[in-house]
Amino acid sequence: MDGNGRWAKKRHLPRAVGHQRGVEAVRTLTRAARQMGVEVLTLYAFSSENWKRSEDEVSDLMGLLKRFIRSDLDEFVANNVRLRIIGDTSAFSPEIVALIDDALARTAANDGSTLVIALNYGSQQEIARAAAAAAEQGAITPETISAHLDTAALPPLDLLIRTSGEVRLSNFLLWQAAYAEMWFTEVLWPDFTPAHLQDALDTFAQRERRFGGR
Ligand code: IPE
Ligand code: MG
């Protein structure tokens, strides 16, 4: 989810307003994805590199995260959505860690769809952690590394979407993206609508996936 800052800048608004509109897009798109039958939706909400932003911006993002969990958890519970987190949440405040733990516990038995939020997530760090854990148990192979990734319990990644015109992965799901289809759009995240998601899914459906075969 990229482009909140540029969305705000274009309108001469503070970056914080862009992030607020970004959260509204999250709300709309998580609902739409559920209705479109997307079984697992993973959102890159905060990267392990986002700590480099100003203290003010980091604190705005943390505030939005808290408010989002508080306001939307009931809807996830009511709609049989299981919440999962990837990334290292130990760096967050005790208040946020408690909110996350509560949200995970309250949705743990849900089996409708899965919403994964990447928080303090960095794919290279994740792969290094997984390789170390695999080594501790014996062999380092693609299978044992996969089994120790934060995404171990999730199905393979099918489609990766990046908004705002950037054409790079920025440390997101590097391992998991090995055979994922990629869809890039110029649309800034706050402007991303269910119609854009449908467009991405339609494109995905037309792609021929060979996984290295022919
Ligand atoms: C959202 O967009 C990213 C986060 C949720 C941290 P940006 O804040 O990166 O927006 P741009 O790239 O400055 O437009
Ligand atoms: Mg950005």
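When the residues of the stretch 155-173 are filtered to those that are more than 13 Å from the chain's Cα centre (by Cα) and farther than 21 Å from Ala25 by Cα, which remaining residue is surrounded by the most Cβ atoms within 10 Å (Cβ to Cβ)?
Filtering the stretch 155-173 for residues more than 13 Å from the chain's Cα centre (by Cα) gives 155-156, 158, 164-168.
After this cut, where a residue has to be farther than 21 Å from Ala25 by Cα as well, the list is 155-156, 158, 168.
Details: Pro155: 9, Pro156: 12, Asp158: 15, Arg168: 9.
Among them, the one singled out is Asp158.
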For the stretch 65-81, name all the residues that are surrounded by 19 or more Cβ atoms within 10 Å (Cβ to Cβ) and touching a Gly at 6+ places or on another chain (Cβ under 9 Å).
-> Val81
Inspect all residues belonging to the stretch 182-195 and state whether any of them is within 26 Å of Asp111 (Cα to Cα), open to solvent by 40 Å² or more (accessible area, probe 1.4 Å), among the hydroxyl-bearing types (Ser, Thr, Tyr) and more than 16 Å from ligand 1 (Cβ to nearest atom).
-> yes
Of the residues in the stretch 88-118, those that are open to solvent by less than 40 Å² (accessible area, probe 1.4 Å) and more than 16 Å from Val40 (Cβ to Cβ) come to Thr89, Phe92, Ile96, Leu99, Ile100, Ala103
List the number of the failed condition for Gly22; all other conditions in (1) within 15 Å of the chain's Cα centre (by Cα); (2) open to solvent by less than 30 Å² (accessible area, probe 1.4 Å); (3) more than 22 Å from Gln176 (Cα to Cα); (4) more than 10 Å from ligand 1 (Cβ to nearest atom) hold.
-> (4)
Tabulated pairs, the stretch 161-189, first closer than 19 Å to Pro142 by Cα, second open to solvent by 50 Å² or more (accessible area, probe 1.4 Å) and within 12 Å of ligand 1 (Cβ to nearest atom), C-beta under 9 angstrom, 6+ apart or interchain = Asn171/Glu49
Single unsatisfied condition, Glu57 versus (1) near ligand 1 (Cβ under 10 Å from one of its atoms); (2) in contact with a strand residue (DSSP E or B) (Cβ under 8 Å, 6 or more places away or on another chain); (3) part of a helix (DSSP H, G or I); (4) not hydroxyl-bearing (Ser, Thr, Tyr) | (2)
Go through the stretch 5-19 and count every residue that is assigned to a helix (DSSP H, G or I) and more than 6 Å from ligand 1 (Cβ to nearest atom).
-> 9
Could you check Ala105 against (1) out of contact with any helix residue (DSSP H, G or I) (no Cβ under 7 Å at 6 or more places or on another chain); (2) farther than 27 Å from Met62 by Cβ and say which number it fails?
-> (2)
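The values are calculated or read from the model by the stated rules, or taken from the named source; none is laboratory data. Note that the coordinates shown come from a computational prediction; the quantities given were computed from them, not determined experimentally. For neighbour counting, all protein chains shown are included, and Cβ atoms are generated from backbone atoms with ideal geometry for every residue, glycine included. Only protein heavy atoms, including side chains, enter the accessible area calculation; ligands, DNA and RNA are left aside. Shrake-Rupley method; radii C 1.70, N 1.55, O 1.52, S 1.80 Å.
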